[in-house]
Amino acid sequence: MLELEIMSYSVEPGRPHPLGATPTAEGVNFSLYSGNATGVELLLFNQHDDQQPSQTIMLDPFVNKTFHFWHVHVLGLKPCANYAYRVDGPYEPNKGHRFNFNKVLIDPYARGNTNNLWKRADACTPDDNVATSMRSLVIDPSVYDWEGDRPLDRPIEDSIIYELHLAGFTKSPTAGVAHPGAFRGLIEKIPYLKELGVTAVELLPIFDFDETDVLRQVNGQSLRNFWGYSTMGFFAPQSAYCVNPEAGHHLNEFRDMVKALHKAGIEVILDVVFNHTDEGNHLGPVFSFKGIDNRVYYYLAPGDRQFYYDYSGCGNTFNCNHPIAEKLIVESLRYWVREGHVDGFRFDEGSVLARDENGMPVAHPPVIWQIELDEDLMDSKVIAEAWDAAGLYQIGRFPGDRWSEWNGRYRDDIRRFVRGEAGVVGAVATRIGGSSDLYQSQGETPANTINFVTCHDGFTMNDLVSYNVKHNDANGEGSRDGINENLSWNCGIEGVADDPEIEALRTRQVKNFATILMLSRGVPMILAGDEFRRTQLGNNNAYCQDNELSWIDWSLPGKNAGLLRFWKRIIDFRKRHAVLRKNRFFGGALNDRGIPEVAWHGCRLNQPGWADPEARVLAYTLAGFNGDADLHVMMNMYWEPLDFDVPPLAGRYWYLAVDTAEASPGDIADPGDEVQYFGESYPVKGRSIVVLVSR
């Protein structure tokens, strides 16, 4: 770490913009917004773990304040300096004011923080907590060699997204990395990601959060905030993911990871949480926004404004469409694109961003449309979780035009079909075609649907085929947490099974999910570890499990090598067949040979059984364009084998590419090794999928 001499720095009035701590040629300019504060002090610390500041700078409201911005230029101060604020003003909770000059606050615009001294409990009392507060760091973003790197700008319809928890991906000793649980640890696993074939990683929150927060004790084990969906700083990488956070290396360690992923052709999408912060409800800690300007940053209840509206389910709701909060959100996104070369963002509980300052949903929420139209963000992928905890559900009608959405209806319909529910084939056909019922009438395209079967929130794919009910006792909440209806099927035995037939069926079901996901128009997303049957032992809400339950077990790729091979081949199959990635809904288009783009079938050609309440089979033929192969897909979710008609071809022949009922390597052919199929029908085994390609 850069050693800072203990000295007294001289100051100038400074400038109100930009907000945060900005290095200059002469020192560092600090600017903080607070419209209701009566006084502000800037605290400078010689070291990150000094319990008392080395210098306190009182800001004069007649010199260091422009409108609502408090600012000062500290001459001679260098990057890596540690700082924090005290903010004074009225303490009138019933009016929404929670100023307390005793509380030491981190900068909302800090590019990095340290928490070596941090004690959360001390931030929940009215007493002075300078000795146990967090510190912000001055970070100079201009010092880095990108080596020509820039965001990859891959068309989203060509994307294959891989959702992972940055720490959980490499924290297990089985990962065999030098820097487990860190940005550098993920770099060590890039060869695996490249071999798998994914085109983007979607990282669970990497913004600063409190990993020290002990939620409860269960069987002698401390349960903590593992997922990170409780933001403390919107510009600061999580310090626990850095090897040297005290040295102010947060941003550059993150950049090293992005640059390495880009060199491998893999984009970086950040899961961002702007819907609430980690300051919680009226009983929660005060470490930033509450103490800076509570009335501006949060939705407060009318009448007695000491209480918070909780549209997020996490104690408070960020006032996203207040001009100051909107400014922070947009500038945060710009920062991660400009300085971090991030390729896109997934917005947790994105529907909160659609609420106005009174909490009501509006057609043109300013922050969403600013993100939609902002020139700095025009090439960034934007993905919404189009619902919130208060019941606002906007799948298919999220504001904006270019936003993609996590398609929960895709997840549910495909789960129902694969577990063997009857009468859902019409819905499944619509989902495979890009969910035209949700997006087409609005002039949108299949690129607006993020198709997924599993994600971090819920069962892993292994557990989806191994458990009928959730098993969340390890969370210490009496298994009341997590959703109850998982649309899962355990294949006959709950949980771990020694029966080889049960295990074979479960592997087949995973292959069925993988095949449908990769054959569907839209953008596929995979949960990390599903490709080799990672399990959470039936826990469908492992948010607090920073242990082997959530960590990736890297012995599984070897144990389930056949399944991993299948995922690699089916991902490659999607990449090789452009008809699967077309960014348009199925219509009446004819290819150059006069063949309709799609034809739907059941076991018999052109008889799909849309009105059959007992239908558990679906088949379809996709016509290749511009010389590409045709595809014929036969899906039998009935438990007995059934004969499916194979359509005749003129001038071409069918070849067997996929049969999920077969054991590896017979379940999916290597490119060019497909075997010609001559029959007029194909016997598709129960609960399996067969794919033919034409040549």
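Observations on the structure shown:
- Residue-averaged 222 nm ellipticity for the chain, from DSSP H runs of 4+ at -39500 (n - 2.57), nearest 500: -5500 deg cm²/dmol
- Under 24 Å from residue 103, Cα to Cα: lysines that are on another chain or at least 8 residues apart: 65, 95, 119, 290
- The three principal axes of the Cα atoms in the range 607-695 give end-to-end lengths of 38, 30, 20 Å, sorted in falling order.
- Local charge for residue 369 was computed over the other residues whose Cβ lies under 13 Å away, with Lys and Arg +1 and Asp and Glu -1, and equals -4.
- Ordered by the count of other Cβ atoms within 10 Å of each Cβ, fewest first, 639, 118 give 639, 118.
- Centre-to-centre, using Cα atoms only, the range 536-598 and the range 213-232 are separated by 31 Å.
- Estimated Rh, the range 44-191: Kirkwood, alpha-carbon pairs, angstrom: 19.3
- Ranked by how many other Cβ atoms sit within 10 Å of their own Cβ, fewest first, the residues 202, 163, 640 fall in the order 640, 163, 202.
- Around residue 593: net Lys/Arg minus Asp/Glu count, Cβ-Cβ under 13 Å: -3
- Residues 600, 406, arranged from fewest to most other Cβ atoms within 10 angstrom of their Cβ, appear as 600, 406.
- Helical segments meeting 27 Å axial Cα length and Kyte-Doolittle -1.0 threshold in the chain (DSSP H): 500-519
- In nm, spacing of pseudo-spin labels at residue 593 and residue 504 (7 Å Cα→C-beta vector): 3.6
- Shape metrics for the range 506-605, restricted to C-alpha atoms - Rg then Dmax, Å: 17.9, 57
- Cβ-defined net charge surrounding residue 333, 9 Å radius [Lys, Arg +1; Asp, Glu -1]: -2
Bear in mind these aren't lab numbers, they're just calculated from the coordinates by the rules spelled out. What you are looking at is a predicted structure, and each value in this text was computed from that prediction instead of being measured. We place every Cβ from the backbone using ideal geometry, glycine too, and count neighbours over all the protein chains shown.
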